[in-house]
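The structure appears below as structure tokens.
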Amino acid sequence: MRSLILQTAIRYLVPLQLMFSIYLLLGGHQQPGGGFVGGLIAASAFSIYAIANGVESARRTLRVDPRLLIGVGLSMALSSGLLGLILDGGFLVSQWGEREYPGVGTLSTPLLFDTGVYTVVIGVVLLVIFSLMEEEQEA
Amino acid sequence: MSLAVISGFAAAPAVPLLYRLAREKTGWIVALLPLSLFVYFASLLGRIVDGQIVTAAVEWVPSLDVNLTFRTDGLSLVFALIITGIGTLVFLYGGAYLHGHAFTGRFYTAITLFMASMLGVVMADNIILLFVFWELTSFTSYVLIGFYNEREAARDAARQALIVTSAGGLFMLAGLILLSLSAGTWEISEIVARGAAIQADDRYVAALILILLGAFTKSAQFPFHFWLPGAMEAPAPVSAYLHSATMVNAGIYLMARLHPALGGTDEWHVLVTAAGAATMLLGGYLAWQKTDLKQILAYSTVSALGIMTFLLGLGTEETLTAAMLFLLVHALYKGALFMVAGSVDHATGTREIGELGGLRRAMPMTALAAALAALSMAGLPPLLGFVAKELIYEGTLHLHDTSAWIALITLLAVLGNLFNVTAAGLAAIRPFWGKVKSPHTPHDVSATMWAAPLILGGLSLALGVALTAYEPVLERMVEAVHGEPVHLHLALWHGWTTMLALSGVTFAGGLALYLAAPRLSRPAVSLGRALDPVAPSRLYADLIHGTVDAATAGSRIILTAYLRQYIRVIMITLVAALGYVFATRIEFDNLLHSSGVRVYEVVIAGVIIAAALTVTQLNKRLSAAAALGVVGYGVTLIYILYGAPDLAMTQFAIETLTVILFVVVIYRLPKLKQLSSTTARRMDAVLAVVVGVTMTLLTLVVTSVPMRSQLSPFFAEMSYIAAHGHNVVNVILVDFRGFDTMGEITVLSVAAIGVFALLRLNLDKPKPGEQRAPERREPEERGR
């Protein structure tokens, strides 16, 4: 499905979507948003990119295999839990940093956890969508 | 001490790696683990003999009183020594036995786990912990019995052992919980001290029966004895370990451990003694008819376990002592004999005693080991077996009961021991003596393979002579079982007593049966055949087949392979269940009055309904997907209106992705067809409306009930204080209920990998150059 209009629009849409998804991820603790929604938005950005420019191109732009994202995301969530266990004696007991960083806020294990969720969601959705699209190409 | 139990679990995953590096030397390295554990437990001997108790505790789930509490007293210690000591020999022997086998690494992993589980069973002082280890032994023995997993018989035997023992384990769990409730504690050491309270409780009989079910299945007591001979499919070192030191003794251990709490009542005496006696006689009777070395040994194990149970059931100080000593005797000789059987099989390629004879010339050391073990098994002086047998008779003769009863019990004991003499002769003497017979020229086995059984045989002799050396340990062990202090005076020679006369009778009878066995076995086997339809093994087989048949029949009705059929069933069930509740419990009079409906709500609802109706009318997939998207976006609007922006955003993103997914897969799908008849569609429409109305009613009912949640205010209040976040939804997801979220993303990942596997690893896919199979057609088309 190659369409010049879509391809051109995507060039502006995808960065915006990705930025929005990161905004949702970081802001999620205080305002509506969070890793899950953010991940979905980022995944849909790459999915639309894949529809416009083909799966291979989308994979190149993503740079990493979705399967790796799943693994990394799960590890992040797990390590945020382990950090709580090591530092405070309880699995998933949240830990908060001292300093506040502009745009990011305070570093904390919930943020790490949420970033893990974000990464897993992107990986899961893209793994399914890319696989389906490649299957279609082969057929 | 916790470390001692856990070390096996920690070491097991490393074993396959070790095997890659060390190959055939793995056995020697892995055997260091049981060996060092053995040394550790041996170092506790002094303290235990002094009457101390070694404990260790780690909190696990303190809110449920489930903790990692371990405790070593005389009973645990002797068990631990048997497990690790024989374990060391089995590990070494196994390496030689499986020399060059492709699964050797796997064998060591499984057997290490198994050893650790077994140690856990005898060390655990918490009921739940005990159960966890108990089931772990079932599971690991399942892996071990099914070791030759390419053989169907091995798989069946493993499954049978697993089903029987873990089913028993579940009954036992119920029993153990009842027991803990009546005792008011989960710690076994405290439960044992509260026997009187437990036996006065109404729950006593139920708890006793349930716990005994667990013990009986594990220790292969009648009528659950049939799984044990089947387990002969395991490699010989596994059989040696399972039968001598571990798995099957777990049931004996449990009965011994809980004897102070449960024993001493009429129910205990009747149930345990009767099961033990039946098992002892049946196992012994079946053993001498067999011609396969391992089968003979397996049935004699059944018989020996019966003897122990029988003695525990009688429950006097003397019978308990006899039971515990016999446990040790049996572990030593049975471990040795199974290794001998493995060596014979290894050397000659057969285990049929009819085809074997005179092997002592070719394998002299193995023959010596066999002879020592068999003499102990037959209960001849000066071996340990003799001491135990004398104690058994002493115990039965000193029962505080009528003389008729004493005579009966003693007669039973004589019969049980008599069968042992016969089995010992058949298994250990016949292959090694007489005319040289073997399918092909036997070769001797490696030094490890004869040394291991020889050590065990030698111990049977040494412990028979050096009685005083371990008397204090045995004293502590029996004390734990009896619940009161005991004083033992073991002796080889008691003078000319009734016991000695009974020993003579036993030996003569066993010898006579041994000589007559070849002639008698044929009628005995045909008698067995005649009884086959009522044999427990047959009942088990029928039960399994019946279950499979019922499941097949049931799935043929329910699993029609039509998604819409499933949905219909689900919907109808839902409507029927909810409808029943509505009809009987709810008053509808004032449901509709309370709600103030606004215009835009009606508009949104109208849009959703219109879109839903459109979906059913469209026959192009893309437009149907788009219309379905409208339904989703309508729902999103409702979320926004009622103040759930997080939910709305997620719903919105999901709807978008769903449309994308549809677009991606739509080209794969065949054209939409009229798949159902008009009548079916009308029926579906009716069903849809009914479901819709039901759900609406449900919503009204739910919302009309005032909310009295304590959680919402709590989360709202604590959100910023405890988790530094204003967005309660997200705080709940990543903080308060982070564990749930972690589970969810894991499930999500697994699902995605499943999809990936289905698409990418499609086994039906034609290889390049092959003709592609014709497009699969819709099932209905074939029907018409």
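The values are calculated or read from the model by the stated rules, or taken from the named source; none is laboratory data. Small disclaimer: the values here were computed from a predicted structure and weren't measured. We place every Cβ from the backbone using ideal geometry, glycine too, and count neighbours over all the protein chains shown. The protein model used for the area step is the full one, side chains on, heavy atoms only, and it has no ligands, DNA or RNA in it. Shrake-Rupley method; radii C 1.70, N 1.55, O 1.52, S 1.80 Å.
Kindly establish whether B:T741 is modelled with pLDDT of 85 or more and either polar (S, T, N, Q) or in a loop (DSSP other than H, G, I, E, B) (or both). For B:T741, the condition - modelled with pLDDT of 85 or more and either polar (S, T, N, Q) or in a loop (DSSP other than H, G, I, E, B) (or both) - is met.
Table: residues versus (1) in a loop (DSSP other than H, G, I, E, B); (2) open to solvent by 10 Å² or more (accessible area, probe 1.4 Å); (3) farther than 18 Å from B:A207 by Cα.
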site: B:F131; (1), (2), (3): no, yes, no
site: B:L136; (1), (2), (3): no, yes, yes
site: B:F139; (1), (2), (3): no, yes, yes
site: B:L144; (1), (2), (3): no, no, yes
site: B:E150; (1), (2), (3): yes, yes, yes
site: B:A153; (1), (2), (3): no, yes, yes
site: B:V164; (1), (2), (3): no, yes, yes
site: B:L173; (1), (2), (3): no, yes, no
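For the range A:1-21, taking the residues that are within 15 Å of A:G54 (Cβ to Cβ) and touching a residue at least 12 places away in the same chain (Cβ under 8 Å), the one that is most open to solvent (accessible area, probe 1.4 Å) is identified as A:R2. Evaluated against (1) out of contact with any Ser or Thr (no Cβ under 9 Å at 6 or more places or on another chain); (2) touching a residue at least 24 places away in the same chain (Cβ under 8 Å); (3) under 30 Å from B:E59 (Cβ atoms), A:A77 falls short on exactly one condition, (1).
Checking each residue in the range B:696-750 for being at the interface with chain A (Cβ under 7 Å from one of its Cβ atoms), under 43 Å from the mean Cα position of the chain (by Cα) and open to solvent by 40 Å² or more (accessible area, probe 1.4 Å) picks out B:L733, B:F739, B:T746, B:L748. Return the residue satisfying two criteria in turn: it lies in the range B:213-271 and is of a type in the set (F, W, Y) and more than 17 Å from the chain's Cα centre (by Cα), and of such residues it is modelled with the lowest pLDDT. Taking the candidates together, the pick is B:F222.
In the condition set (1) closer than 21 Å to B:V729 by Cα; (2) at pLDDT below 90; (3) open to solvent by 30 Å² or more (accessible area, probe 1.4 Å), A:G34 is compliant with all but (3).
Of the residues making up the range A:88-110, those that are closer than 19 Å to B:E59 by Cα and surrounded by fewer than 12 Cβ atoms within 10 Å (Cβ to Cβ) are A:G89, A:G90.
Could you tell me whether B:L380 is open to solvent by 10 Å² or more (accessible area, probe 1.4 Å), more than 35 Å from the chain's Cα centre (by Cα) and aliphatic (A, V, I, L, M)? Can you show your working first?
On the way: open to solvent by 10 Å² or more (accessible area, probe 1.4 Å): yes; more than 35 Å from the chain's Cα centre (by Cα): yes; aliphatic (A, V, I, L, M): yes.
Criteria met by B:L380.
Is there a residue being in contact with a Leu (Cβ under 8 Å, 6 or more places away or on another chain) and open to solvent by 10 Å² or more (accessible area, probe 1.4 Å) anywhere in the range B:333-342? No: the range B:333-342 contains no residue that is in contact with a Leu (Cβ under 8 Å, 6 or more places away or on another chain) and open to solvent by 10 Å² or more (accessible area, probe 1.4 Å). From the list B:I638, B:I660, the one residue that fits, being in a helix (DSSP H, G or I), of a type in the set (V, I, T) and within 12 Å of another protein chain (Cβ to nearest Cβ), is B:I660.
What helices (runs of 4 or more DSSP H) lie completely within the range B:436-545 and have 1 or more residues being over 30 Å from B:L44 (Cα atoms) and at pLDDT below 80? Write out each step before concluding.
On the way: elements: B:447-465, B:467-482, B:498-531.
Output list reads B:498-531.
Each residue in the range B:446-485 was checked for being over 29 Å from B:G315 (Cβ atoms) and under 34 Å from the mean Cα position of the chain (by Cα), and 11 of them qualify. Being more than 7 Å from chain B (Cβ to nearest Cβ) and farther than 20 Å from A:Q17 by Cα is the filter here, so list the residues in the range A:112-139 that pass it. Matches in the range A:112-139: A:L112, A:E134, A:Q137, A:E138.
For the range B:92-121, which positions are aliphatic (A, V, I, L, M) and either assigned to a helix (DSSP H, G or I) or open to solvent by less than 10 Å² (accessible area, probe 1.4 Å) (or both)? Result: B:L92, B:A96, B:L98, B:A110, B:I111, B:L113, B:M115, B:A116, B:M118, B:L119, B:V121. If the condition is being open to solvent by 20 Å² or more (accessible area, probe 1.4 Å), part of a helix (DSSP H, G or I) and touching a helix residue (DSSP H, G or I) at 6+ places or on another chain (Cβ under 8 Å), then the range B:396-420 contributes B:L397, B:I406, B:L412, B:L415, B:L418, B:F419.
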